[in-house]
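Below is one structure, written out as structure tokens; the observations come after it.
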Amino acid sequence: MTRKTVRIAMNGVTGRMGYRQHLVRSILALRDQGGLDLGDGTVLWPEPVLVGRREHALREIAGRHGLEHFSTDLDSVLADPTVGIYFDAQATNARVEALTRAIAAGKHVYTEKPTATGLEAALRLARLAREKGVKHGVVQDKLFLPGLLKLKRLADGGFFGRVLSVRGEFGYWVFEGDWQPAQRPSWNYRAEDGGGIVVDMFPHWEYVLHELFGRVTSVQALATTHVPRRWDENGKPYDATADDAVYGVFELEGGAVAQINSSWAVRVHRDELVEFQVDGTEGSAVAGLRTCRVQHRSATPKPVWDPDVPAGEAFRDQWQEVPGNGEFGNGFKAQWELFLKHVHADTPYHWDLLAGARGVQLAELGLKSSAEGRRIAVPEITP
């Protein structure tokens with residue numbers, strides 16, 4: 001085996017998602033397993049170069065994990081010819097500038113979503129990457145969740161027949177920050193800093209719906225701020241200027257209708273933090289992060305509405321669990337492996353900046369729909 005070192009500039013690893021999912025559970029996990037085997041006698045050895053604004057935080061993380069390289073100077077890192085890939089997990093409003101500089105430096109880029117706060121900037125990034133000839137990818141982690149992998153298996157196998165509808169529920173109660181610390185950073189609730197649940201979650205729903213059931217052709221959304229006052233990381237009160245909940249209806253190519261509620265102001269009465277119910281002419285399924293249950297047309301009971309009599313059926317017991325039929329690893333790590341293989345073995349990869357732009361487009365049109373109180377068509381984005 002030949003070991004090939006791949007140096008990756010990782011910007012934003014002091015944040016929750018950048019640290020836990022991308023650094024620890026993806027890149028460091030790849031190192032723990034001995035690298036990434038390309039299948040041709042080559043093993044890729046990822047070497048992270050930590051980048052950020054807070055030197056003390058970078059130093060602490062590097063020391064904790066025995067890493068040698070960190071810097072607060074992004075330009076010097078991008079000027080280093082040994083760094084081949086730039087990864088971005090910063091706050092959204094800082095992403096476009098950093099990605100633009102990385103692409104100009106000739107680095108392959110991999111980034112969290114949304115890639116930008118507006119469609120024009122997202123498309124510009126995709127054009128720049130294509131013109132520069134660098135490879136590019138966008139994190140679309142929900143596609144690699146065990147529950148949604150099972151759901152995709154059902155869809156690909158024709159289990160649903162004609163899909164009629166998709167119902168999604170996502171969210172949890174994020175503490176205001178006064179008497180218990182909030183689980184999300186305060187910038188998430190400031191529109192001026194790129195916050196808001198529409199900008200955060202609509203890109204997710206775009207690729208989930210697109211990949212599993214069809215392209216989104218229209219959106220009608222109602223975004224709101226249920227909790228207008230919160231407390232930041234220093235315990236100081238601030239006004240929430242971004243939406244913390246959105247209720248969306250999406251028409252899909254082929255005629256199916258999706259309804260997805262997203263909220264950081266809802267208490268969970270579900271089996272998992274996100275659940276999707278898919279109903280089709282031949283069968284239905286309910287999928288979460290890890291589990292998926294089905295009810296086929298041939299096994300569908302015949303409920304009768306009678307509000308004067310207690311329910312005599314345990315409805316949840318009438319569904320069948322979908323087996324895993326294999327091991328499911330961390331979804332972020334799985335996509336990192338695919339992107340690294342794309343860069344170094346030229347394997348196919350379609351979750352690129354153009355795919356990321358579709359998510360930005362849906363968020364932008366969702367906010368417009370909410371502001372104008374009407375349904376809006378979603379034009380198709382083509383290369």
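Screening Ser298 on (1) in contact (Cβ under 8 Å) with a residue 60 or more places away in the chain; (2) in a helix (DSSP H, G or I) shows it passes everything except condition (1).
Counting only residues that are of a type outside the set (D, E, K, R), touching a Gly at 6+ places or on another chain (Cβ under 6 Å) and within 19 Å of Ala363 (Cβ to Cβ), region 225-247 holds 1 of them. Only a single item in (1) outside the structural domain of Ser218 (by TED's automatic domain parsing); (2) touching a strand residue (DSSP E or B) at 6+ places or on another chain (Cβ under 9 Å) is not met by Gly283, and it is number (1). Among the numbered conditions (1) within 24 Å of Ala129 (Cα to Cα); (2) part of a helix (DSSP H, G or I), the only one that Tyr86 does not meet is (2).
Checking the conditions here, which among His136, His204, His210 is touching a helix residue (DSSP H, G or I) at 6+ places or on another chain (Cβ under 9 Å), in the same structural domain as His344 (by TED's automatic domain parsing) and modelled with pLDDT of 95 or more? Write out each step before concluding.
Numbers: His204 fails: in the same structural domain as His344 (by TED's automatic domain parsing); His210 fails: in the same structural domain as His344 (by TED's automatic domain parsing).
Going through His136, His204, His210 in turn, the sole match is His136.
With the requirement that a residue be under 23 Å from Ala89 (Cα atoms) and either outside any loop (DSSP other than H, G, I, E, B) or of a type in the set (Phe, Trp, Tyr) (or both), what does region 176-194 give you? Of everything in region 176-194, those that are under 23 Å from Ala89 (Cα atoms) and either outside any loop (DSSP other than H, G, I, E, B) or of a type in the set (Phe, Trp, Tyr) (or both) turn out to be Ser186, Trp187, Asn188, Tyr189, Ala191, Glu192, Asp193. Could you tell me which of the residues Leu151, Leu222, Leu164 is in the same structural domain as Glu251 (by TED's automatic domain parsing), assigned to a helix (DSSP H, G or I) and over 20 Å from Val96 (Cα atoms)? Going through Leu151, Leu222, Leu164 in turn, the sole match is Leu151. The residues of region 284-301 include none that are touching a Gly at 6+ places or on another chain (Cβ under 9 Å), surrounded by 17 or more Cβ atoms within 10 Å (Cβ to Cβ) and of a type in the set (D, E, K, R).
When we screen Ala122, Ala98 for residues that are out of contact with any strand residue (DSSP E or B) (no Cβ under 8 Å at 6 or more places or on another chain), among the small types (Gly, Ala, Ser) and part of a helix (DSSP H, G or I), the only hit is Ala122.
Filtered by the rule that a residue be touching a helix residue (DSSP H, G or I) at 6+ places or on another chain (Cβ under 7 Å), of a type in the set (Val, Ile, Thr) and in contact (Cβ under 8 Å) with a residue 60 or more places away in the chain, region 66-108 gives Val83, Ile85, Thr92.
Considering each of Gly41, Gly35, Gly63, Gly52 in turn, give the residue that is among the small types (Gly, Ala, Ser), crowded, with 17+ Cβ neighbours inside 10 Å and either touching a residue at least 40 places away in the same chain (Cβ under 8 Å) or under 23 Å from Gln90 (Cα atoms) (or both). Let's see the steps before the verdict.
Details: Gly41 fails: crowded, with 17+ Cβ neighbours inside 10 Å; Gly35 fails: either touching a residue at least 40 places away in the same chain (Cβ under 8 Å) or under 23 Å from Gln90 (Cα atoms) (or both); Gly63 fails: crowded, with 17+ Cβ neighbours inside 10 Å.
It is Gly52.
Taking the condition of being among the aliphatic types (A, V, I, L, M) and either free of Cβ contacts under 8 Å to residues at least 12 places away in the same chain or within 14 Å of Thr291 (Cα to Cα) (or both), how many residues in region 314-337 meet it?
Residues of region 314-337 among the aliphatic types (A, V, I, L, M): 314, 322, 334.
Remaining after also requiring either free of Cβ contacts under 8 Å to residues at least 12 places away in the same chain or within 14 Å of Thr291 (Cα to Cα) (or both): 314, 322.
Going through region 314-337 one residue at a time, the tally reaches 2.
None of Glu211, Glu272, Glu233 is surrounded by fewer than 18 Cβ atoms within 10 Å (Cβ to Cβ), acidic (Asp, Glu) and either free of Cβ contacts under 8 Å to residues at least 60 places away in the same chain or assigned to a helix (DSSP H, G or I) (or both) except Glu233.
Sort out which residues of region 236-261 are of a type in the set (D, E, K, R) and either in a strand (DSSP E or B) or touching a residue at least 24 places away in the same chain (Cβ under 8 Å) (or both), and write them in order of number.
Narrowing region 236-261 to residues of a type in the set (D, E, K, R): 236, 239, 243-244, 251, 253.
Asp239, Asp243, Asp244, Glu251, Glu253 - these are the residues of region 236-261 that are of a type in the set (D, E, K, R) and either in a strand (DSSP E or B) or touching a residue at least 24 places away in the same chain (Cβ under 8 Å) (or both).
Of the residues Arg184, Arg162, Arg190, which single one is closer than 30 Å to Ser298 by Cα, touching a residue at least 24 places away in the same chain (Cβ under 8 Å) and not polar (S, T, N, Q)?
Values: Arg184 fails: closer than 30 Å to Ser298 by Cα; Arg190 fails: closer than 30 Å to Ser298 by Cα.
Matching residue, one of Arg184, Arg162, Arg190: Arg162.
The values are calculated or read from the model by the stated rules, or taken from the named source; none is laboratory data. Note that the structure is predicted; figures quoted are calculated from it, not measured. Note: ideal-geometry Cβ built from the backbone for every residue, glycine included; neighbour counts use all protein chains shown.
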